[in-house]
Each structure stands twice: as structure tokens, then as C-alpha cells.
1. Test A:Ile63 against the stated conditions and say whether it is among the aliphatic types (A, V, I, L, M), within 19 Å of the chain's Cα centre (by Cα) and at pLDDT 85 or above.
2. As an exercise: evaluate B:Glu178 against (1) out of contact with any helix residue (DSSP H, G or I) (no Cβ under 8 Å at 6 or more places or on another chain); (2) of a type in the set (D, E, K, R); (3) in a helix (DSSP H, G or I) and give the number of the one condition it does not meet.
3. Does the range A:69-93 hold any residues that are crowded, with 24+ Cβ neighbours inside 10 Å and in contact with a strand residue (DSSP E or B) (Cβ under 6 Å, 6 or more places away or on another chain), and which are they?
4. Would you say B:Gly262 is touching a Phe, Trp or Tyr at 6+ places or on another chain (Cβ under 8 Å), free of Cβ contacts under 8 Å to residues at least 60 places away in the same chain, under 23 Å from B:Ile132 (Cα atoms) and not aromatic (Phe, Trp, Tyr)?
5. Residue check, A:Ala101 against (1) hydrophobic (A, V, I, L, M, F, W, C); (2) in a helix (DSSP H, G or I); (3) free of Cβ contacts under 8 Å to residues at least 40 places away in the same chain, all met but one. Which one?
6. Could you tell me whether any residue of the range B:186-197 is assigned to a loop (DSSP other than H, G, I, E, B) and either crowded, with 16+ Cβ neighbours inside 10 Å or in contact (Cβ under 8 Å) with a residue 60 or more places away in the chain (or both)?
7. Can you tell me which residue within the range B:129-146, out of those that are over 15 Å from A:Ser288 (Cα atoms) and at the interface with another protein chain (Cβ under 8 Å from one of its Cβ atoms), is farthest from the chain's Cα centre (by Cα)?
Amino acid sequence: MKLNRSIFWIFPLLVLALPLVLNQYLQYVVNLILVYILVGVGFNIVVGNLGQLAFSNVAFFGIGAYASGILTTQLGMPWWLTVIPAGLCGALAGCAASIPALRGVRLFYLAIMTLAFGELMRWLYIRTPGLTGGSMGLTVPEPAVFGWMLTTEYHKFYVFLFIVVVVVIATSRLLESRIGRAFLAIKNDENAAAAMGIPTGQYFLLAFALSGFVVGIGGSMYAALVGHLSPEDFDLIQVILHFAIIMVGGLGSLIGSILGSILITATPEVIRHFEWLVGSEEWIFGVSIIVVILFLPRGLSSLLAKVNSIFKDRYYRN
Amino acid sequence: MIEQIQSVLTNWDAMLPVLPQLVVSGIAIGMLYALIALSMTILYRATTVVNFGHGDLVMLGAYALFILMPMVTFNIAVESSALGLLASFVPPFLVALILSLFVLFAMGYIIHRVFIWPILKGPHLSLALMAIAIGYAVRGVIRKEYGKEVLQMPRPFPEQEFEVFNWGGIGTYMTLDEMIFCGVVIVMLLVSYIVFSKTRFGQIVQAMFQTQRGSSLVGINVMHYNNLIWGVGCSLGALGGVMLGLALALDPDVGVWTLLRGFAAMTLGGFGSLYGAVIGGLIIGILEKVLGVFISTAFIEITCYLVIILVLLIRPKGLFGQHATLRI
């Protein structure tokens, strides 16, 4: 069956009706899913599309969240004005994280280094109590958009949905363009890409900055959603969560990131209903990543792609 | 920080006699990092895989001893035969330690055979993620079963302190634990040096490090030796975990902490170098203590992160390693 891609608009339009059927708590979970969609999409740019093993995503997430929190508490800016600056702070952190990659550090060396970067950032959140509230955490005031306060989860949902749709469409357009194809070329063979005249260094920088921007916006949404940031929110357990999202969904697939974030964020809520499973999130995530790597290396999105070719990732226009 | 350095310089005479104590306790904790880095280096040398889940397996080693200890004590008490009599001379801690090393050997063997080997030809990304996921699953199980209360490691010998030497009235002390740790790590380093450079097993491992395909062409059973090396690496890590459990406490979250210190030691010493890992571990241990007291307590936490970042940026091959970067 040949379908037009504009059919994807069905999903955000259907989701618009969700607040009618959900209570506050379930709406909060749906909002969290929206946050993690951006985290997954941003992370997938570096790991899935560029093919680099970087753990710095949680640092971008934290920097975005704290940037938004600090701008609202210290400067008194309304939340909607801090979304883009939070993304820019994330992008700046992305540029910083790409320095080792530009120096030629690859594979697990890059992984170790970005891991250390993330831990260093978490230490910084604890050690600068004047800005971040230290280990007590930072309480973020209620988010405001154009002077309206987003008091309930339903209000936040519509704003978040708008941001996510815009960012996801923009990312998808970018990945279908020359830039996205350059990322794929670098992933497949860096030397060959350079030989074809692709300035690999510039694209490394671009991919990390882009990833930082998207994840930073996700972080800013997280600050608005939770209302209280603490350094423990951005430790290495969070890294595994991000990896689980993109592995289960599918590496290098935009639909995969969305699918993965829905599944991974909803799992703890499902677990909560079974008495004997309480506290089992960790090993369930671990085992599900193992199973996906062994039996479904391209993630759940590869199953969807078999159902209809519309779910395949498209890197050229026809 | 500048004022702190100045205050150190003005109080130099008062601070200087503390230095030997700091170096000694730095060496003691550095030996632990060195043992963990050594076990990771052994894994890396044979299989060219960096085990990102190693910290959690180290943690599992300590918990395995904790779980086995009551069983061993119980069995020895019940047994009244000649074997039981013989066993009563052996301290139960030692029995539990050896058993837990065997358990971790089996874990490493099985992990490599079942989870790593099928994807070894695949991209590095999935290898690293597989190791992380295994570590995560291990940590999840341990936390679900034992994570609720703070557990104390059984002690094989009482806590004692000895004065190593005295400088101007300020003594330098070392606990019995630290002395035994240092001895064990030095013995382990010597054993692994002899095994890896003098025996046929070591030659085979060296061949596999250079090229796995070539070594399988000359008739080496690569899978079998990889399994063995994973087992050895994991049980060596478990030994480190037991020491860590004695030095600190049992904690499911110690894995990441351990992993980063091990990485820092490996990076500083150079990936794949056995004595590099040990020297790197010692340097990091001493740096942590000395910078932590002389400049700022913050350095106790961040020395290893800074070492990783600076070494990989300035001299990526470390002190004794091979090339680690490529040109773009």
C-alpha cells in the first residue's frame, strides 16, 4: 500500500484529544514522554546517524534544564523565553563535547571521555549552590507562556506538543538533506567521506551542536514539567535510560526514537501495577537492551518498516 | 583556589610532614584502582573490547562473597568428617573468597560466550552497549534484592593500625587492610606479568590481541581463549571488589565510581599496558589524596575525570600506550 508521508500528521492530531480522557497523573506521564522524545531524537543524531559512541547526552540534558531553571529564577524571565537559550546552551556544550572528537579521539576513548564530561557536569551542579541550588536542588517557578501560567498538566501538554512537533519536523527535514546524508557517509566510512570532499570535522561539530540543541530544549521542557531540578536527575542512570530509548526504538531512526521513548517512559508506570515487579526497572531495561541487541539489532522501528515502507527512514527525496 | 595555594606555600613547614601520610594512603587506595584497571586491561588485551560493565561485575564480586559467606560458615560447622576437620583450619572468609572468584570466573565465561561473542564482529557501538546493559541488569538485580539496607562486609581480620615511620613527631600510619591490599596487588601484577610474557598462554593472548583472524588461521581456538580471558578478568575484578567492599561498604552504585577510576588509571597508563595500568592507578590515588588536602577537597572527586579528559586531549596514548587517535 502506497501512502503519502503527510499521513504522519494523524498522530499529533489524534494525540490532541488525549487530555479529554487522561487524569492529571497520566497526563504528566505523557508530558514526560514528550520530553524524552526530544532527548531520544537529539541523542540519535550523534549515536545513530553520526555513529559515534558519545555519552555526553545527559550533560546536554542537564545543562538545558539548569539553563532554563537559572534564567527563570535568577533573571525572572518567563519560561517560554528560556527555551531557545536553553537549547543554545546545550549546543554550546555539544561544541565542547565535540572537541575530543575533532582531536581524533574515537570509539571507546570518546565514550570514556564524554562519560567523564557528564560526571564533571554533575559535580558542577552540586558545587555551585549559588546558581543551581547545590545538592538541595533548584525549584523552578511555574512555566509561563505569553503571560499565561501553565498551571495544569493539560496546559503544559499543548505547549510541549507544539515544541516537539516543530523540533521533530525540523530534525527530520535536516536529516533528509545534504547534512543528514553527510552524517551517514561519515558513519559508514569516515575516510571515504573525507575523500569525497565532505568536511568531516565541520559535520562532527554540527552533529554534536545539533544534538545538544535538541536535547537542551528537552531539558528546558523537563525543568518546566518537574518544577524541581536536583543533580541526581542527571546521573549515569539517566544515560542508560537514553541508551535504552534509542536502542529499543532503533539506532539512527527518527520514528525509532519516538517509539523508544514512549515504551521506555511508560514501562515504569506499567511495572508499578505489579506488586512483585516493584523496583525492577533497572534489570528490565538492561535485559531489554540485551535482547534487542542480540535479536533485533535495528530496533523496533525495523519491524515497523516491514509493515509499510512509509516507516522506513528516507534520506533522499523522490 | 589561588589563595589556597598561597596559604599552602606560607604554611609549607606545617604541611610538609603530612605529605608522607597522604602518599601512603594514596598508594593504598591507588592499589585498588590499579587492580581494577589491571583486570580491565587484561580483558582489553585479549579481546580488544573495553568492558563498560566492568564496574558492576566488580560490585557483584563483593556481593557474591557476602552471599556465600553465611553458607560456607554454616557448612563447615555442620560437617564433622575428616574433610570438615580439615576445613575448620581454613578460615571461612578465604573459602568464600575463592568460591566467589570462581563464581565470577563462570560469570565472565558465560557473559562472553552468550552475549559478547555473537556480536563481536558487529559495530563497536553495540559491543559497548551490550556491556553496559549487562552491568545495568546485574546492578538492577542486586539492588532489588539487597539494595534496601546498608550491608557490612564480613571482616577476615581485625582492624589494626601500624606506624610505618615517624618524621618530626608526626607519624605515618598504615592499616593492616592497606598492607594486605598492597601485597595482593603486587603479587597479582607479578603473576599476570609472568603469565602474559613468559608462558604459552600469554603468547596466544598476545597473538589474539594483534589479530584475531590471523590467530584463528594458525589454529588458535579464539572463542575458547576469549571466554577464559573474560573469566580471568572478571574474577580479578571481583578480587578488587572484595577489597573495595572492605575499604568502603557494600553499595550497588559503586560500579560507575569504580569504572571511572579504572578508566582513568588505564588512560593515564596507556590502554593495553599492564604496568601502565598499575602505575596509572597509583598516580591517581596519590594525586587524589595530595591535591584533596593541599588545594581543595573537590579534587578527591574530580581528579579522575580531569585526568581522563586532559590525558586524552593532550597525550591520548598515555604514558606507556600505543596510538589511540586518528587524524581527520
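1. yes
2. (1)
3. Of everything in the range A:69-93, those that are crowded, with 24+ Cβ neighbours inside 10 Å and in contact with a strand residue (DSSP E or B) (Cβ under 6 Å, 6 or more places away or on another chain) turn out to be A:Gly69, A:Trp79.
4. Criteria not met by B:Gly262.
5. Condition not satisfied by A:Ala101: (3).
6. Filtering the range B:186-197 down to residues assigned to a loop (DSSP other than H, G, I, E, B) leaves none.
No - not one qualifying residue is present in the range B:186-197.
7. Keep residues of the range B:129-146 that are over 15 Å from A:Ser288 (Cα atoms), which gives B:142-146.
With the extra rule that they be at the interface with another protein chain (Cβ under 8 Å from one of its Cβ atoms), the set shrinks to B:143-144.
On the way: B:Arg143: 21, B:Lys144: 24 Å.
Looking at the filtered set, the residue picked out is B:Lys144.
So that you can scan it fast, the table gives a plain yes or no per residue for (1) in a helix (DSSP H, G or I); (2) within 30 Å of B:Arg213 (Cα to Cα); (3) at pLDDT 80 or above:
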{"residue": "B:Ala64", "(1), (2), (3)": "yes, no, yes"}
{"residue": "B:Ile67", "(1), (2), (3)": "yes, no, yes"}
{"residue": "B:Ala77", "(1), (2), (3)": "yes, no, no"}
{"residue": "B:Gly84", "(1), (2), (3)": "yes, no, no"}
{"residue": "B:Leu97", "(1), (2), (3)": "yes, no, yes"}
{"residue": "B:Tyr109", "(1), (2), (3)": "yes, yes, yes"}
{"residue": "B:His112", "(1), (2), (3)": "yes, yes, yes"}
{"residue": "B:Ile116", "(1), (2), (3)": "yes, yes, yes"}
{"residue": "B:Gly122", "(1), (2), (3)": "no, yes, no"}
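The values are calculated or read from the model by the stated rules, or taken from the named source; none is laboratory data. Computed from a predicted structure; not experimentally measured. For neighbour counting, all protein chains shown are included, and Cβ atoms are generated from backbone atoms with ideal geometry for every residue, glycine included.
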